[in-house]
Structure formats: structure tokens, C-alpha cells
1. Identify the single condition in (1) part of a helix (DSSP H, G or I); (2) free of Cβ contacts under 8 Å to residues at least 40 places away in the same chain; (3) within 11 Å of chain A (Cβ to nearest Cβ); (4) touching a Ser or Thr at 6+ places or on another chain (Cβ under 7 Å) that residue B:258 does not satisfy, given that it satisfies every other one.
2. Could you say whether any residue in region A:187-209 is more than 17 Å from the chain's Cα centre (by Cα) and more than 10 Å from chain B (Cβ to nearest Cβ)?
3. Return the total of residues in region B:126-140 being modelled with pLDDT under 75 and among the aliphatic types (A, V, I, L, M).
4. For region A:165-244, give me every one of the helices (runs of 4 or more DSSP H) that falls completely inside it and has 1 or more residues that are surrounded by 23 or more Cβ atoms within 10 Å (Cβ to Cβ).
5. When you go through (1) touching a residue at least 60 places away in the same chain (Cβ under 8 Å); (2) more than 12 Å from chain A (Cβ to nearest Cβ); (3) among the β-branched types (Val, Ile, Thr) one by one for residue B:191, which number turns out not to apply?
6. Restricting to region A:142-172, name every residue that is within 14 Å of another protein chain (Cβ to nearest Cβ) and among the polar types (S, T, N, Q).
7. Tell me which residues, restricted to region B:243-255, are assigned to a loop (DSSP other than H, G, I, E, B) and surrounded by 13 or more Cβ atoms within 10 Å (Cβ to Cβ).
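The values are calculated or read from the model by the stated rules, or taken from the named source; none is laboratory data. All of these numbers come straight from a predicted model, not from anything done at the bench. Note that each Cβ is placed from the backbone with ideal geometry, even for glycine, and that neighbours are counted across all protein chains shown.
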Amino acid sequence: MTCFETLTAYGLRAIGIGERLLPKRDFTLCEHVTLIGSGMLWNLYFGVLALFFGFFLANAIAMAKANRRWWLRKPAEWFIFIFRGSPLFIQFFLFYEIFVLLPKMGWDINLGFTQITVETRWLTRAWLGALIVLILNTTAYSAEIFHGALKSIPRGDIEAADAYGLTGWKRYRRIVWPTMLRLAWPAYTNEAIFMFHATTLVFFSGFPAWRQKGDALYYASYFADKTFNPFIAYPILAGYFILLTLAVISIYGLINKRLNRHLPQEARRKLRLRPNVIR
Amino acid sequence: MFSYCTDPDTLEGLTWLSCYLTTGKHMAFYRSFGTVMVLLLITAPVALAFGFGGAMAARARFAPLRWLGKGYSAIVRGVPDIAFFLFFVIALDQGIEYLRLKIKCPDWSEPVRQGNDFVVCAAAKMPLSSSPQWVHEVYGFALAVLTFAIVFGAFAANVLHGAMRAVPRAQIETAEAYGMSHRQAFWRIMVPQMWVYALPGLGNLWMILIKATPLLFLLGIEDIVYWARELGGSKTSVFTYPHPDWRLYYFLALLVFYLLLTRISEVILARLMTRLSHGQATSGAGQSNGNTAKGLAI
């Protein structure tokens, strides 16, 4: 098979398009690169969606944690404590067992005009079940970051907002939230990078790779197991992830620049790429 | 374990549970918690040593050494740690066997890689196929420790390099003014002062290390995750203690274990930080770098 044929056969193998059988022997470099690259689609899928949903949830949880009312604060604190205090690996296993034990049939929800069937069997599949775990996990980590930023908003900013007569939602929307985001952004960039790294755990932790549709690490370890040679598959995987990390850094760097656009040039907070807040 | 456990079929309720929880396999499960703690306690100092070496290399004046140090600490940021774990376990094993092949069987002429196999002479196998079971287990565990130390050493190198740069420049300049050499200023002035800057980062790293320990399971060690899956799976009446799928409860127990471990570490680290920041010209535990302190607010 030429490299182009390999690309068309396995380029989208991870999402079930193309050749059904994985290569069995005499692996070429092209097959390594193609299959591991197609696995990266899953890492992107998990990472992007988890970060997207997690961002909004984290804002809510961070606000709840900063709230004075205990019935809002306590649940948020416990949520963050449980998800930050335990390994993601264990969380995957635990949630998988919960999803498996859920009743196999679906619930019928009658909405009056239409009927929705909630099927629980999708939860045991990686694309939904693992995504939920990843969302909850990144929510907890980001909420802690946002909460820290919320606490370190300069008092003067809030006082100035008060002086202008801004209150409630308007004050939050115009002053508190943008400042919080600006302060939190370098740490949040770290969280995003490590979120993408965490997506590699999915297929090693209970969730089965259905029809061998796995992520990049799944295919890399497939090759390494078959050839008993870790020196080809894993460096290719590393290459892909370094590219992904660089992409994340530059995208988040652009957002950081926009968040800080009103500040004088020297006062702008550079993205610190030192893992100070790694998970 | 208890005398009344001889015939489990007749037991019920709490007595059944007390017998069930003290079977030989459960004892192995409890011992595996010890394995995790041993791994943590060995890995932490080794990783710190690796990190110190890496940070020193990253500061070296000899350029290739500096690139090596910087590359070492930079690469773990770009690549998932689990990929490193899976890679190093095989790579270290093969590296060691290859070295032993060169020493023990110098006249070995066949290629080491034959198709999909890694072939060395029998004397170079590590551990020897004739050695007892415990040697195999200890070797596997040692490989896991080394793998953890390499990966976390890179993180630690990053933290320590930052801490070294955080020591006020004036301190080093004063040392130079007193006529200290580069080496003396490093060991007598910078190293004693850098720890307080490094502590928040190192504390964070300790938490990450705790949370990385379940990955031992992927390295083929019979750790707590292995036993939780093994014991929790549903047991038919063929077994002495039949029960349905209880993995959920076993994993809940693991969750509680890890929550306790991280919580206790958090409290101790926060105390340590307050103590170390006494009389130091840093903003203290509470403000700029307050990862550990932030956790206290929970």
C-alpha cells in the first residue's frame, strides 16, 4: 500500500470511516503516523467539548463558591474538593461503574407535546460517559482557578464600579467578570493544556474502545504492543501532542492579548508558561 | 481469619462481611495501599534529585548541557505524562537488557530486533527467567519508580529552575562582592534560599504525584486499582463469597482514600509554608503563590 492509500484507508479510522481491520504486521511509518493522527480526533473532540462546557459551568461554580449564602457555597466547595482531590483515573472508573449500573432501559419523558426517550446505554460509551467525567473534572479545576482570581480582584476596581453606580448583574458583567478572566487566564491556559493531556486516559480506564475506535494513545500503545518497540509510536504521539500544545498556547495567548488590550504595554501580564498550577 | 469463618455458606449479615473482608485476597488489597505509599515515599526524593539535576543543567554555562536541561523540563509540558509512563516502562526495560547483552554476551551476533520481537541472550534477560517471583515483582516496581521519578523529575526541574531565578539577584551579587566563586555562591547562598520559593510548586507537585499513583495499574503493578477491579467484579456461587458487581463500592473506597490523602497533605503543606515564610521577604503563603493556601479555604 502506498502512503496515500494508507491515508485514505486509515485517516478517519478513529471515527469508524475507512478500513475496518487495523494493520496486523509489517507496520510502515506511514501507518503509524496516519493511525495515531486519526486517533488525535478523539483527543480534540474530548478536549474541546470538555473545555467549552466546563468553562461555563466553572464560572457558575466559582460564583457559588464565592457566595455568602452557605447553601450555595457548601455544595460548590464539596464539588471542587471531590474532583480536585481525587485522581481523574479513579473518577473514570467510578463513573463508568455508575453508568453501567444505571437501569439498562430508557426513561420516557412526556413533555406534553412530544415524547423524549432518555437512553442510559449511551452513558457507558466513551463519547458521552467519558466526556461527562472530563467536563466535571475540568469544571472543578477551572472553578478553583476562577475563584482564586475572583478573590484577587483589586478592591479599587470594585469600589470604582460602586462609585459609578453599577450594581448587581451590570457590575458583574462589566467589571468583575472581565477582571476575573484576565487574572485567571494564565492559569487557565495551563488547565487547558493539561485537559488535552488528560483526554489520553479515557480509553485506559474502563471505557472500552468500541470497534477499536480509540484515541491517539490507544493506537500508539497498539503499535507498541504489537511491535514491542516503543521508540517509534510514542515519539510520533509526542510530536502530535507538542503541536497540539503549541496550538493551545497560541490560541489562548491571542485571547490573553485581547483580555489585556486596554492595559499599557508594560503592564500586560505575559502568559507564564511555567507549570505553576499544573494539576 | 476468624475461627467462625470456616464455613462461609452458613454466615449472614455482619459476620459474613467480617469474614469476607478478611480473606487472603483482601489482605493483599490492603497491602497494596502500602505499595502506593512506598511508591510515593521513594519517588518523591528521587524525583526531587532528578529535578535538582535538571534545574542545575538548565542553568549551566556549557550550552549543550543547558539545552539538555531545558529540553528535559520542557518536554513533559507538551506530552501527556501517561504516554511517558507507557513509553519508559518498555524503553527502560529494553535499554537495561541491551546493556546487559553487550556486557554478558559479547559474541552475540544476531540483531536485537527481529521482526516484532526483542531478542537477547538468556544470560542478559532482566530479571533472569530462573529467578524467583519476588525478584520479578521488585524489578517491575523499581522500573515503575524510575519511570515516575523521570517524569516528575522534569516537573520538579521546572519548579526548581523557577525558584532559583526567584532568589533576589542582590543576594548573589553580595556573595560575589564577598569574593565567592560561582560554585560557592550557588551552594551557600542560592540553594538555602530557594526552597521557600519552590515550596508552593513542590507542594503542588506532591499532590499531582499522589493523583498519578493509580497509573501504576497501567504499568502492570498489582496496585489498589488492580485489586479493586479484581475483588469487586461479580462472583458467582462457585466462589466462597458470592456477590454481585461491587466494583462501584470498591472504587468509592479508593476515592475516599485519595481524598483523605490529598486533604492531609494540603493541611501539612499549608502549615509548612507558614513556618518557612517566617522572616522571609516573600508575600507569604497567603497571596501570590497561594495554591496550598487556597486549598485551605475549602
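1. Status for residue B:258: all satisfied but (2).
2. Checked against the condition, which is being more than 17 Å from the chain's Cα centre (by Cα) and more than 10 Å from chain B (Cβ to nearest Cβ), region A:187-209 yields at least one hit.
3. Residues in region B:126-140 being modelled with pLDDT under 75 and among the aliphatic types (A, V, I, L, M): 2 in total.
4. A:177-198, A:216-227
5. Single failed check for residue B:191: (1).
6. Selection gives A:142, A:152.
7. If the condition is that a residue be assigned to a loop (DSSP other than H, G, I, E, B) and surrounded by 13 or more Cβ atoms within 10 Å (Cβ to Cβ), then B:245, B:246 are the ones that fit.
A quick yes/no check of all residues on (1) within 14 Å of chain A (Cβ to nearest Cβ); (2) surrounded by fewer than 15 Cβ atoms within 10 Å (Cβ to Cβ); (3) of a type in the set (A, V, I, L, M):
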{"residue": "B:114", "(1), (2), (3)": "yes, yes, no"}
{"residue": "B:118", "(1), (2), (3)": "yes, no, no"}
{"residue": "B:133", "(1), (2), (3)": "no, yes, no"}
{"residue": "B:137", "(1), (2), (3)": "no, yes, no"}
{"residue": "B:144", "(1), (2), (3)": "no, no, yes"}
{"residue": "B:156", "(1), (2), (3)": "yes, no, yes"}
{"residue": "B:159", "(1), (2), (3)": "yes, no, yes"}
{"residue": "B:162", "(1), (2), (3)": "yes, no, no"}
